[in-house]
1. Are any residues in the range 49-72 touching a Gly at 6+ places or on another chain (Cβ under 8 Å), under 17 Å from L187 (Cα atoms) and among the aliphatic types (A, V, I, L, M), and if so, which ones?
2. Report yes if some residue within the range 57-66 is of a type in the set (G, A, S), over 17 Å from D205 (Cα atoms) and free of Cβ contacts under 8 Å to residues at least 60 places away in the same chain; otherwise report no.
3. Here are the criteria: (1) outside any strand (DSSP E or B); (2) β-branched (V, I, T); (3) closer than 21 Å to Q127 by Cα. Tell me which single one T177 does not satisfy.
4. Show the residue pairs meeting these rules: Cβ distance below 6 Å; 6+ apart or different chains; first residue within the range 69-88 and closer than 12 Å to V5 by Cβ; second residue among the aromatic types (F, W, Y) and open to solvent by 10 Å² or more (accessible area, probe 1.4 Å).
5. Of all residues in the range 109-119, which are open to solvent by less than 20 Å² (accessible area, probe 1.4 Å) and either acidic (D, E) or at pLDDT 95 or above (or both)?
6. Answer yes if at least one residue in the range 104-124 is polar (S, T, N, Q) and assigned to a helix (DSSP H, G or I), and no otherwise.
7. Provide a single number: the residues in the range 72-94 that are of a type outside the set (S, T, N, Q), assigned to a helix (DSSP H, G or I) and either touching a Phe, Trp or Tyr at 6+ places or on another chain (Cβ under 7 Å) or closer than 23 Å to C216 by Cα (or both).
8. Do we have any residue at all in the range 21-41 that's modelled with pLDDT of 60 or more, under 17 Å from T142 (Cα atoms), touching a strand residue (DSSP E or B) at 6+ places or on another chain (Cβ under 6 Å) and of a type in the set (S, T, Y)?
Amino acid sequence: MKIVVCIKQVPSSNEVRLDPVTKTILRDGNQSVINPFDAYALEQAIEIKEQLGGEISVISMGIPATERLLRDAMSRGADRALLLSDRAFAGADTLATSYALSLGVRQLGDFDLILCGRMAIDGDTAQIGPELAEHLGIPHLTNVEKIIEIKPQEMTVRRSLDGQRQLLQIRLPALLTIAKDINQPRLPNISGVEFGETAPFQSLDAAALQADVSRCGLNGSPTQVVRTGVPQRDNACVFFAGDFTEQVQALAARIREELK
């Protein structure tokens with residue numbers, strides 16, 4: 001079985017830095033990690049490969065330093081990696097990102113299954129997987145929490161949706177987004193680390209993908225952040241004197257004042 005896993009880099013801390021002009025997230029490959037939800041998708045791909053055989057390709061769109069994360073994915077069990085990196089891709093929303101990823105997937109060749117994390121922890125949109133499936137013209141299911149059975153032309157999965165569990169069949173090739181806790185992602189072993197460090201690595205730009213640059217990056221992003229802000233934190237304490245009734249009245253008055 002040929003499986004493609006989409007990998008995204010996310011900040012390694014809770015602090016997300018934004019470009020003051022474009023309002024997009026600033027990426028620093030040295031301060032990034034594999035999106036945790038994508039780690040579950042990668043582990044699921046490895047388990048399928050162990051059961052049925054085949055090949056795992058990982059793909060990502062990002063700055064050149066993203067190579068480090070893709071090599072980490074190869075050290076865990078992926079066979080090859082493709083990075084889409086070009087200034088033309090910068091500032092992309094989910095639609096422009098999924099368009100570029102669809103071109104990269106086509107460059108990888110035939111596939112049976114695409115696995116994505118349910119969402120990215122920095123954007124929380126959960127849109128990339130479904131949009132990628134639409135670009136490729138294949139069926140998709142979201143929030144899959146267990147793979148029940150895989151046959152040559154179809155697979156049976158269980159997913160969670162609005163608090164309910166569904167048992168569904170989907171024809172292949174298909175795309176699944178993987179829920180958290182479907183498995184426990186493994187750590188690389190010594191031979192895996194050696195493979196990840198030395199395996200051939202491919203990086204393609206917009207020209208190599210024959211991408212329509214009007215559909216890439218900020219130019220191809222119909223959704224853009226207009227304004228951002230940082231919540232103001234005030235740790236000052238206010239004490240209200242008097243008996244219980246007087247304290248309640250003073251508190252109510254203070255709340256009304258703050259809500260004006």
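The values are calculated or read from the model by the stated rules, or taken from the named source; none is laboratory data. Only a predicted model underlies this, so the values are computations on that prediction, with no experimental measurement involved. Here the Cβ is made from the backbone with ideal geometry for all residues, glycine too, and neighbour counts use every protein chain on show. Ligands, DNA and RNA are excluded from the accessible area calculation, which covers all protein heavy atoms including side chains. Shrake-Rupley method; radii C 1.70, N 1.55, O 1.52, S 1.80 Å.
1. The answer is I56, L69.
2. yes
3. So the condition that T177 fails would be (1).
4. Sorted first by the residue in the range 69-88, then by its partner, the pairs are A81/F201.
5. Applying the first criterion (open to solvent by less than 20 Å² (accessible area, probe 1.4 Å)) to the range 109-119 yields 113-117.
Hits for the range 109-119 are L113, I114, L115, C116.
6. The initial filter retains those residues of the range 104-124 that are polar (S, T, N, Q), namely 107.
Those still in the list that are assigned to a helix (DSSP H, G or I) too: 107.
Yes, the range 104-124 has at least one match.
7. Step one: of the range 72-94, the residues of a type outside the set (S, T, N, Q) are 72-74, 76-84, 86-93.
Those still in the list that are assigned to a helix (DSSP H, G or I) too: 72-74, 76, 87-89.
Next, only the ones that are either touching a Phe, Trp or Tyr at 6+ places or on another chain (Cβ under 7 Å) or closer than 23 Å to C216 by Cα (or both) stay: 74, 87-89.
Residues flagged as of a type outside the set (S, T, N, Q), assigned to a helix (DSSP H, G or I) and either touching a Phe, Trp or Tyr at 6+ places or on another chain (Cβ under 7 Å) or closer than 23 Å to C216 by Cα (or both) within the range 72-94 amount to 4.
8. For the range 21-41, residues modelled with pLDDT of 60 or more, under 17 Å from T142 (Cα atoms), touching a strand residue (DSSP E or B) at 6+ places or on another chain (Cβ under 6 Å) and of a type in the set (S, T, Y): present.
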